[in-house]
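> One structure follows; several queries about it will come next.
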Amino acid sequence: MCGIVGAVAERNVVQILLEGLKRLEYRGYDSSGVALINGNVLNVIRRTGKVKELSDAIDHQSDSGIALGTTGIAHTRWATHGGVTEANAHPHVSEQRFAVVHNGIIENHKALRDSLSASGYHFASDTDTETIAHTVAQLRKSSASLLEAVLKAVPTFHGAYGTVIIDKEDASTMVVARSGSPLVIGLGIGENFIASDQMALLPVTRRFIFLEEGDVAEITRTSIVIIDATGTQVERPIVESNVEHDAGDKAGYRHYMLKEIYEQPAVIRNTLQGRVSPEGIADDVFGEGSDAIFAKTQHIKIIACGTSYHAGMTAKYWLEAYAGVSCDVEIASEFRYRKSVVKPNSLLVTISQSGETADTLAALKLAKECGYMSSLAICNVDGSSLVRESSLSFMTKAGAEIGVASTKAFTTQLAGFLMLVLAIGKHHNMPAQLEQHILQALVELPNKLDETLTLANEIDELAEEFSDKEHSLFLGRGDQYPIAMEGALKLKEISYIHAEAYASGELKHGPLALIDADMPVIVVAPNNELLEKLKSNVEEVRARGGIMYVFADKDAHFESDETMRVVNVPHCMESIAPIVYTLPLQLLSYYVALIKGTDVDQPRNLAKSVTVE
């Protein structure tokens, strides 16, 4: 979702801003723009579409000096208020002097707009963001500095925002404010930067300051002043980043998503390395003091959104079946708006690839007030808000995931949950034989994923049968039900085929009404204790003329015929089957999307990191 980049330097910053925007393209957006201060002139260039459209426009105007500036801000917008138009693209301007970029939503924008309009301010867009520009411009008239004006403006804004403001009359300064939407300061030599994601700034710095909730900061070439939510000037720690990221390298693959699917054996090895061996898991894998917390844990509450929610649902099966600990899972956006009861000695587990998912962060903050014993974040981004605000953390080590449809982040989350099962299970009388089974399964997992990826050509051919399909059903039982849900999500995300998932036993309770030859039914069928029940569900579909695509253990004895296409998945141990069976479903969604001709890496209307409600 929306990306921010800003810079204040002695050199022309336009290429720094453009490169930063390109590195944030994976987050999802529909328009982009830059504002540059050159002397005492403020120039704004905005375009709908991809960043390349903006870059081409800047190249076209570079000879005129419009695309020059030592201070500048840039933005990729994912539309919330107002349609996808150049007028609604950021940055927004007031009095041809102040320029603003903004992530998040100003919830009281209507009241602010009415008040500002009554004061004579003209609105050129339909956005909530323009109210920030005009509010700061109005307050600057009675303030000694831009920083003072922003400090006065912040209490008038209700909602979530990360915003950056520049003033052509103070060309060496940026002022930023954070409430709910992440911002990170990048430190250079004689120059400084701001971004919504450290990834945007890796070409120019590895030294970062992560702003905290409620911070307002003044950034110049040589100084950083941070004011916290109480109005006190504070120092925030400088973090040296070792994040590796090259958003321009698909490593020969056609799309980032396909590259990331094929990276899963390697990233799972990274996730397990130094943490898992045949003898057990390493001490404090989940953070210092985690062992003592797990010893007291009697219940686990998992909160997440989207793909991460499916990881949590899978973990519920494992935690209750293997570790013997009760667990429930909830969508973050639902949890935060209902009254709930906290069970004694409950551990809260939040999951997010980015660590900046707005609803999950808000749920964590609410949970802290509700009496949870402790909190654990399972995340892919070290230093993210979710990690910093949780008592314990587990880094999945998936590496940068550029495709909007999550793949390797999901499977590394599942690997982390199996480690959590082991870490908690040893305090709840997990049988030694079961512990060894899971350890051995984890050790074997990367090789099993390598084997599974050899099915790609077969799945590519099968996908051709979806070329004229508009709807589909996914079925799974037990811990494969959330995997069916994840498979359905992937198909709808990138191919735009309507897809639903059901627990197989629910088929006769309504969904059977949908079955016909135009409704493909995708089934995940490992060879486990529920296999015979699943076969009965398959026969229910067959009897009603449905066409099935069954991903089955080679020992499950399914055979292809005119109504059923069977893909034999390598046999694996039961505990890792949900991870293994995820890969064929990812490949299916990818190849169907190719046939449908959709934008695989940046599907319409979606954003990688959802930083608004």
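The values are calculated or read from the model by the stated rules, or taken from the named source; none is laboratory data. From a predicted model like this one, the values you see are computed outputs, not experimental measurements. Every residue, glycine among them, receives a Cβ derived from its backbone with ideal geometry; neighbour counts consider all protein chains shown.
> Within segment 585-603, track down each residue that is surrounded by fewer than 20 Cβ atoms within 10 Å (Cβ to Cβ) and of a type in the set (Val, Ile, Thr).
Listed by number, the residues that qualify are Ile595, Thr598.
> Same structure again: Which count do you get for residues in segment 545-589 that are at pLDDT 80 or above, hydroxyl-bearing (Ser, Thr, Tyr) and more than 16 Å from Glu464 (Cα to Cα)?
Within segment 545-589, residues that are at pLDDT 80 or above, hydroxyl-bearing (Ser, Thr, Tyr) and more than 16 Å from Glu464 (Cα to Cα) number 3.
> What tally of residues in segment 355-374 results from selecting those that are of a type outside the set (Asp, Glu), surrounded by fewer than 22 Cβ atoms within 10 Å (Cβ to Cβ) and free of Cβ contacts under 8 Å to residues at least 60 places away in the same chain?
5
> Go through segment 565-599 and give me each residue that's polar (S, T, N, Q) and within 20 Å of Met519 (Cα to Cα).
Kept after step one, since they are polar (S, T, N, Q), are these residues of segment 565-599: 568, 575, 582, 586, 589, 598.
Once the filter is applied, which keeps residues that are polar (S, T, N, Q) and within 20 Å of Met519 (Cα to Cα), segment 565-599 yields Gln586, Ser589.
> While we're on this one: Would it be correct to say that Thr70 is within 17 Å of Asp128 (Cβ to Cβ) and among the polar types (S, T, N, Q)?
Values: within 17 Å of Asp128 (Cβ to Cβ): no; among the polar types (S, T, N, Q): yes.
The answer is no for Thr70.
> Among the listed residues Leu272, Leu319, which satisfies the condition of being in contact with a helix residue (DSSP H, G or I) (Cβ under 7 Å, 6 or more places away or on another chain), farther than 25 Å from Gly371 by Cα and in contact (Cβ under 8 Å) with a residue 60 or more places away in the chain?
Working: Leu319 fails: farther than 25 Å from Gly371 by Cα.
Checking each option against the conditions leaves just Leu272.
> For segment 182-195, give me each residue that is within 22 Å of Asn12 (Cβ to Cβ) and either surrounded by 24 or more Cβ atoms within 10 Å (Cβ to Cβ) or not β-branched (Val, Ile, Thr) (or both).
Within segment 182-195, the subset within 22 Å of Asn12 (Cβ to Cβ) is 185-195.
Residues satisfying the conditions are Ile185, Gly186, Leu187, Gly188, Gly190, Glu191, Asn192, Phe193, Ile194, Ala195.
> Going by the conditions given, is Glu10 crowded, with 20+ Cβ neighbours inside 10 Å, outside any strand (DSSP E or B), touching a residue at least 40 places away in the same chain (Cβ under 8 Å) and charged (D, E, K, R)?
Working: crowded, with 20+ Cβ neighbours inside 10 Å: no; outside any strand (DSSP E or B): yes; touching a residue at least 40 places away in the same chain (Cβ under 8 Å): yes; charged (D, E, K, R): yes.
Taking the combined requirement at face value, the residue does not satisfy it.
> Which ones in segment 311-363 are polar (S, T, N, Q), closer than 15 Å to Ser390 by Cβ and assigned to a helix (DSSP H, G or I)?
If the condition is that a residue be polar (S, T, N, Q), closer than 15 Å to Ser390 by Cβ and assigned to a helix (DSSP H, G or I), then Thr360 is the only one that fits.
> Next question. Taking the residues in segment 536-575 that are in a loop (DSSP other than H, G, I, E, B) and within 22 Å of Pro446 (Cα to Cα) as candidates, determine which candidate is farthest from the chain's Cα centre (by Cα).
Asp555
> Quick one: what pairs do we get from segment 423-446, first residue buried (at least 20 other Cβ atoms within 10 Å of the Cβ), second β-branched (Val, Ile, Thr) and in a loop (DSSP other than H, G, I, E, B), C-beta under 8 Å, 6+ apart or different chains?
Between residues of segment 423-446 that are buried (at least 20 other Cβ atoms within 10 Å of the Cβ) and residues that are β-branched (Val, Ile, Thr) and in a loop (DSSP other than H, G, I, E, B), the close pairs are Ala423/Val285; Ile424/Thr297; Ile424/Val325; Gly425/Val325.
> I'd like the full set of residues that are of a type in the set (A, V, I, L, M), assigned to a helix (DSSP H, G or I) and over 23 Å from Gly180 (Cβ atoms), limited to segment 13-45. Walk me through it before giving the result.
First pass over segment 13-45, keeping only residues of a type in the set (A, V, I, L, M): 13-14, 16-18, 21, 24, 34-37, 41-42, 44-45.
Still in the running and assigned to a helix (DSSP H, G or I): 14, 16-18, 21.
Matches in segment 13-45: Val14, Ile16, Leu17, Leu18.
> Given (1) farther than 20 Å from Asp553 by Cα; (2) part of a helix (DSSP H, G or I); (3) modelled with pLDDT of 85 or more, identify the lone condition not met by Gly487.
If we test Gly487 against (1) farther than 20 Å from Asp553 by Cα; (2) part of a helix (DSSP H, G or I); (3) modelled with pLDDT of 85 or more, just (1) comes out false.
> Quick one: is Leu347 aliphatic (A, V, I, L, M), surrounded by fewer than 24 Cβ atoms within 10 Å (Cβ to Cβ), touching a Phe, Trp or Tyr at 6+ places or on another chain (Cβ under 8 Å) and over 27 Å from Pro603 (Cα atoms)?
Details: aliphatic (A, V, I, L, M): yes; surrounded by fewer than 24 Cβ atoms within 10 Å (Cβ to Cβ): no; touching a Phe, Trp or Tyr at 6+ places or on another chain (Cβ under 8 Å): yes; over 27 Å from Pro603 (Cα atoms): yes.
Taking the combined requirement at face value, the residue does not satisfy it.
> Is it true that Ala415 is part of a loop (DSSP other than H, G, I, E, B) and more than 29 Å from Arg338 (Cα to Cα)?
Values: part of a loop (DSSP other than H, G, I, E, B): no; more than 29 Å from Arg338 (Cα to Cα): yes.
Here the answer is no, as Ala415 does not meet what is asked.
> In this structure, does Ala195 turn out to be hydrophobic (A, V, I, L, M, F, W, C) and in contact (Cβ under 8 Å) with a residue 40 or more places away in the chain? Quick ask: steps written out before the conclusion?
Working: hydrophobic (A, V, I, L, M, F, W, C): yes; in contact (Cβ under 8 Å) with a residue 40 or more places away in the chain: yes.
The answer is yes for Ala195.
> Separate question: Would you confirm whether or not segment 133-154 contains a residue that is touching a Gly at 6+ places or on another chain (Cβ under 7 Å), acidic (Asp, Glu) and surrounded by fewer than 19 Cβ atoms within 10 Å (Cβ to Cβ)? So that I can check it myself, show each step before the final result.
Of all residues in segment 133-154, those touching a Gly at 6+ places or on another chain (Cβ under 7 Å) come to none.
Taking every residue of segment 133-154 in turn, none turns out to be touching a Gly at 6+ places or on another chain (Cβ under 7 Å), acidic (Asp, Glu) and surrounded by fewer than 19 Cβ atoms within 10 Å (Cβ to Cβ).
> When both residues are 6+ apart or on different chains and their Cβ atoms are under 9 Å apart, which pairs have a first residue that lies in segment 221-234 and is without any contact (Cβ under 8 Å) to a residue 40 or more places away in the chain and farther than 16 Å from Val154 by Cβ, and a second that is acidic (Asp, Glu) and assigned to a strand (DSSP E or B)?
The qualifying pairs are Ile224/Glu218.
> Let me ask something else. Among the listed residues Ala266, Ala292, which satisfies the condition of being among the aliphatic types (A, V, I, L, M), surrounded by fewer than 20 Cβ atoms within 10 Å (Cβ to Cβ) and farther than 28 Å from Leu453 by Cβ?
Ala292 is the lone residue from the list that is among the aliphatic types (A, V, I, L, M), surrounded by fewer than 20 Cβ atoms within 10 Å (Cβ to Cβ) and farther than 28 Å from Leu453 by Cβ.
This table checks each residue for (1) closer than 14 Å to Pro584 by Cα; (2) surrounded by fewer than 23 Cβ atoms within 10 Å (Cβ to Cβ).
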{"residue": "Asn457", "(1), (2)": "yes, yes"}
{"residue": "Tyr481", "(1), (2)": "no, no"}
{"residue": "Glu486", "(1), (2)": "yes, no"}
{"residue": "Ile494", "(1), (2)": "no, no"}
{"residue": "Ile497", "(1), (2)": "no, yes"}
{"residue": "Glu500", "(1), (2)": "no, yes"}
{"residue": "Lys508", "(1), (2)": "no, yes"}
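> Here's something else I'd like to know. Can you tell me which residue is surrounded by the fewest Cβ atoms within 10 Å (Cβ to Cβ) among those in segment 111-132 that are among the acidic types (Asp, Glu) and within 33 Å of the chain's Cα centre (by Cα)? Explain how you work it out, then say what you get.
If we filter segment 111-132 for residues that are among the acidic types (Asp, Glu), which is where we start, we get 114, 126, 128, 130.
From the residues that got through so far, the ones that are within 33 Å of the chain's Cα centre (by Cα) too are 126, 128, 130.
Numbers: Asp126: 14, Asp128: 24, Glu130: 29.
Per the stated criteria, the residue is Asp126.
> Something else about it: Out of the residues in segment 46-67 meeting the condition of being assigned to a loop (DSSP other than H, G, I, E, B) and either in contact with a Phe, Trp or Tyr (Cβ under 7 Å, 6 or more places away or on another chain) or at pLDDT below 85 (or both), tell me which one is surrounded by the fewest Cβ atoms within 10 Å (Cβ to Cβ).
Pass one, segment 46-67, residues assigned to a loop (DSSP other than H, G, I, E, B): 49-50, 65-67.
Add one more test, that the residue is either in contact with a Phe, Trp or Tyr (Cβ under 7 Å, 6 or more places away or on another chain) or at pLDDT below 85 (or both), and what stays is 65-67.
Values: Gly65: 13, Ile66: 18, Ala67: 23.
The qualifying residue surrounded by the fewest Cβ atoms within 10 Å (Cβ to Cβ) is Gly65.
> Only one of these conditions is not met by Thr85: (1) surrounded by 18 or more Cβ atoms within 10 Å (Cβ to Cβ); (2) touching a residue at least 40 places away in the same chain (Cβ under 8 Å); (3) over 20 Å from Phe193 (Cβ atoms); (4) of a type outside the set (Phe, Trp, Tyr). Which number is it?
Among (1) surrounded by 18 or more Cβ atoms within 10 Å (Cβ to Cβ); (2) touching a residue at least 40 places away in the same chain (Cβ under 8 Å); (3) over 20 Å from Phe193 (Cβ atoms); (4) of a type outside the set (Phe, Trp, Tyr), Thr85 violates only (1).
> Right, next: Before we move on, is Ala400 modelled with pLDDT of 90 or more and outside any strand (DSSP E or B)? Steps first, answer last, please.
On the way: modelled with pLDDT of 90 or more: no; outside any strand (DSSP E or B): yes.
No.
> For segment 269-289, which positions are of a type outside the set (S, T, N, Q), under 20 Å from Val443 (Cβ atoms) and either surrounded by 21 or more Cβ atoms within 10 Å (Cβ to Cβ) or at pLDDT 90 or above (or both)?
Arg269, Leu272, Gly274, Arg275, Val276, Ile281, Val285, Phe286
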